[in-house]
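Only one structure is covered here, and it is reproduced in the block below.
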Amino acid sequence: MSAAIDLLVTSGTFSLDGGSWDVDNNVWIIGDDREAVVLDAPHDAEAIAAAVGDRELLAIVCTHAHDDHVGAAPALAELTGAPVLMHPADLEVWRLTNRGVVPDGELHDGQVITVAGQELTVLHTPGHTPGAVSLYAPGLNSVFTGDTLFAGGPGATGRSFSDFPTITASIRDRLLTLPPETVVRTGHGETTTIGAEAPHLEEWIARGH
């Protein structure tokens, strides 16, 4: 079996700054029949572990540290033995959800994670949070953007730890420079492409959100 991308949707809440919202999260699982990597671990560790099955889970990669993306990461690590990887700039955000436990390793810009013969390159794309990252997989014609870029615009920047000029700079400089046919696989909702989103950057900046 060659490398494939599987999608699992889990449901729960996102809580920050005293508010709480019901959310559905995309969990992306990349791998073959022997090994896999999970991008984000929201809400339900057992459901994610079941989707991985008997494959070796090489890593739990956190696109950012909001609770609806990392809340189940420690439990999934315990179930599977896989390390949790996160950009160190998000450690303060991580501590809001997972007190007394820290990620097992760090993600850094340009780092390459290899799974099932595919390379996932870490792109530091701050703005939604300081340590937000995207994962570019050219062999799969995909970029996994977490909550940095969605179909229709940037991720939210109206809460603590976020900044609109920073996220738009990340999208302009790190994501919209990818080939236009690249599929954007997001942290919530539908996929899009770089080509579909690129023409709207100036409109987003003018709107300010």
Prolate/oblate/rounded label for region 69-161 (Cα gyration tensor, a/c 1.5): oblate
Ser15 to Ala47: extension gain in nm, 0.36 nm per residue of separation minus the Cα-Cα distance? 9.4 nm
What is the spin-label model distance, in nm, from Thr191 to Asp24 if the labels are put 7 Å beyond Cα along the C-beta direction? 1.7
Range of Cα positions in region 118-204 per principal axis (Å), largest first: 35, 25, 23
Given charges at Cβ of Lys, Arg, Asp, Glu: region 4-207 dipole, positive-most of Thr10, Ala156, Val27: Ala156
Interchain or long-range residues, amide H under 5 Å from Phe150's placed H: Gly155
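For Ser11, Ser142, which order do you get if you count the other beta carbons within 10 Å of each Cβ and list the fewest first? List each step's numbers first, then the result.
Working: Ser11 13, Ser142 22.
By the 10 Å Cβ count, ascending: Ser11, Ser142.
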Of the candidates Thr177, Thr192, Thr168, which one comes out as most mobile in a Gaussian network treatment of the chain with C-alpha springs shorter than 10 Å? Thr177
Percent of C-alpha pairs per 10 Å bin, the chain, short to long: 9, 39, 38, 13, 1
Whole-angstrom gap from region 8-60 to region 189-204, using each part's C-alpha centre: 25
Under the Karplus relation with 6.51, -1.76 and 1.60 and θ = phi - 60°, whole-Hz ³J(HN,Hα) for region 110-121, x at Gly and Pro, equal x, 4, 10, 10, 10, 9, 6, x, 10, 9, 10, 9
Cβ-placed point charges (K, R +1; D, E -1), dipole of the chain about Cα centre in debye, nearest 20: 360
Hz values of 3J(HN,Hα) by residue in region 17-34 - Karplus curve (6.51, -1.76, 1.60), Gly and Pro given as x: 6, x, x, 9, 9, 6, 9, 10, 10, 8, 10, 9, 10, 10, x, 10, 7, 10
Ranked on Cβ counts within 10 Å of their own Cβ, fewest leading, Thr97, Thr125 go Thr97, Thr125
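Between Asp109 and Ile205, what is 0.36 nm times their sequence separation minus the Cα-Cα distance? Round to one decimal in nm.
Values: separation 96, 0.36 × 96 = 34.56 nm, distance 2.46 nm.
Roughly 32.1 nm would be gained on extension.
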Near the amide H of Glu119, under 5 Å away, which other amide H atoms are found, from residues 5 or more places off or on another chain, if H is placed in the peptide plane? Gly139
Apply the Karplus parameterisation 6.51 cos²θ - 1.76 cosθ + 1.60, with θ equal to phi minus 60°, to every residue of region 185-192 and state each ³J(HN,Hα) to the nearest whole Hz, in sequence, with x for glycine and proline. 9, 9, x, 8, x, 7, 6, 8
I'd like to know which of Val52, Leu135, Leu76 lies farthest towards the positive end of the charge dipole of the chain, counting +1 on Cβ of Lys and Arg and -1 on Cβ of Asp and Glu. Leu135
Using a Gaussian network model of the chain with C-alpha springs under 10 Å, which one of Asp24, Asp147, Asp40 is most mobile by mean-square fluctuation? Asp24
Which percent, nearest 5, of DSSP beta bridges in region 4-207 are antiparallel? 70
In terms of modelled amide H atoms, which long-range or inter-chain residues lie less than 5 Å from the amide H of Thr182? Ile194, Gly195
Given the options Leu135, Leu96, Leu76, which has the most mean-square fluctuation in a GNM of the chain, springs set between C-alpha atoms less than 10 angstrom apart? Leu96
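Here, each number is a calculation from the coordinates, and none is a lab measurement. Just so it is clear, the structure is predicted and the values come from calculations on it, not from any experiment. So basically every Cβ, Gly included, is an ideal-geometry build from the backbone, and we count neighbours across all protein chains shown.
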